[in-house]
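Let me begin by presenting the structure, written as structure tokens, before commenting on it.
Just so it is clear, none of the values below were taken in a lab; they were calculated from the coordinates. Treat the numbers as computed from the prediction; the structure is a model and nothing was measured. Quick reminder, even Gly has a Cβ in these numbers, built from the backbone with ideal geometry, and neighbours come from all protein chains shown.
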Ligand code: NI
């Protein structure tokens, strides 16, 4: 099938702006900032938008919300509202990871790194904005571009939604650069893509005693060890093998000295599921397990559950449209099949409010050292994938706004 006029223009502009996108990615990569601390990042994004002549607002202290207004004859109604409005979202925060890649553009900040590729998200989205701005004569509506802070601490999306960022928005598109997907391909399948992400902590109260007189206390360390064993059994014995579920205890702390029996202990971890009922069941099962184990040992335990992001489900119609956009601008061979992941993403907050789609932009290329997992201190990407991500978002925005 021959390329449509708009796809041809997007491809031309993509080729033109690819060096810009890579340069931006390296710039942001060198200056990582953690959630809600993205002050420099925000200033830089604003500066780039100023250079493009794209208006923006800053509803929070960090992050930017830009607007690309279509100038197609029917882009706006007589009352000034757009015919259709789509939101595009890129997250902008980094992680408390010490970078070990040795790349020439590596993090210049001790202990902080763009180890999840959000630097790439900023760069790809700036590329998208450039393409949209230069093709706005064909845009039949309005594009709201959200540069979101604080995704890694599961807070930015909620804060922006409360600030009204989805008002008047018909649909939303987001993307993650992804090391489990081959560079040059993009996955945008419908259904569950990322997991319910919940957190828990167990505080155990025993009674400390001399290490040589264990019968005079209640050993919180032993109780904690039993709990760890017991909690493992929940996923292996209580959950259907056809249901994805993960229960990971990442921390266990107890004890103060070699000859003192621990009076207190705590452990904490995370639970990942897709199924909302299983999410509730696991919480109840864990709470009961913790209470009963503590009781059996004569200790007391407090179970604290902190709900995180809900699972991320792609809307079937939006996913189908996104796959068409990917095939149009990158070719049908660029459609990736990816099973999804039990990691979490606060993009799900937007999808609670409006239908949308979240794509995985492949950046995996072992020959370029780009095969470490997200959040690794060696994490890197195949930069040749970036401009494809820019073009897919631009094509998708055009395609949605052109729809009836
Ligand atoms: Ni991420």
Exercise. Projected area of the stretch 333-404, taken from the Cα convex hull and averaged over every viewing direction, in nm²?
Worked result: 6.7 nm²
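Can you tell me the equivalent ellipsoid semi-axes for the stretch 258-404? Use √(5λ) from the Cα gyration tensor, largest first, whole Å.
On the way: eigenvalues 369, 95, 24 Å².
After diagonalising the Cα gyration tensor, the semi-axes are 43, 22, 11 Å.
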Exercise. Taking the Cα-to-Cβ direction at residue 69 and at residue 339 and moving 7 Å from each Cα, how far apart do the two end points lie in nm?
Worked result: 4.9 nm
Exercise. Expressed as a whole number of Å, what is the distance separating the alpha-carbon centroids of the stretch 176-234 and the stretch 265-329?
Worked result: 12 Å
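Assuming 0.36 nm per residue, please report the length gained on full extension of the stretch residue 158 to residue 5 beyond their Cα-Cα distance.
Numbers: separation 153, 0.36 × 153 = 55.08 nm, distance 3.77 nm.
Gain on extension, residue 158 to residue 5, equals 51.3 nm.
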Problem set entry | Over 16 Å [Cα-Cα, the stretch 245-331], rounded percent | 69 percent
For this session: Report, in degrees rounded to the nearest 10, the 0 to 90 angle that the Cα long axis of helix 220-233 makes with the longest principal axis of the chain.
Result: 50 degrees
For this session: Starting from one equal scatterer on each C-alpha and no solvent at all, send me the Debye-based log10 I(q)/I(0) for the chain at q = 0.07, 0.12 Å⁻¹, two decimals.
Result: -0.38, -0.93
Problem set entry | Debye intensity ratio I(q)/I(0), log10, the stretch 155-228, q values 0.18 Å⁻¹ (C-alpha model) | -0.94
Exercise. Roughly what would the spin-label model give for residue 61 and residue 246, points 7 Å off Cα along C-beta, in nm?
Worked result: 3.1 nm
Exercise. If you average the sequence gap of Cα pairs under 8 Å that are 6 or more apart and divide by the length of the chain, what percent do you get for the contact order?
Worked result: 24 percent
Exercise. Using the C-alpha atoms of the stretch 98-143, what convex hull volume per residue, in cubic angstrom, is computed?
Worked result: 93 Å³
For this session: Kindly rank 36-49, 194-207 from highest to lowest mean number of other beta carbons found within 10 Å of each residue.
Result: 194-207, 36-49
Problem set entry | Semi-axis lengths, Å, the stretch 201-276, gyration tensor of Cα atoms, sqrt of 5 times eigenvalues | 32, 11, 8
Seminar exercise, completed: Rounded to the nearest 10, the angle in degrees between the Cα long axis of helix 386-402 and the longest principal axis of the Cα atoms of the chain comes to 70 degrees
Exercise. Three principal axis extents, largest first, for the C-alpha atoms of the stretch 1-158, in Å?
Worked result: 52, 35, 28
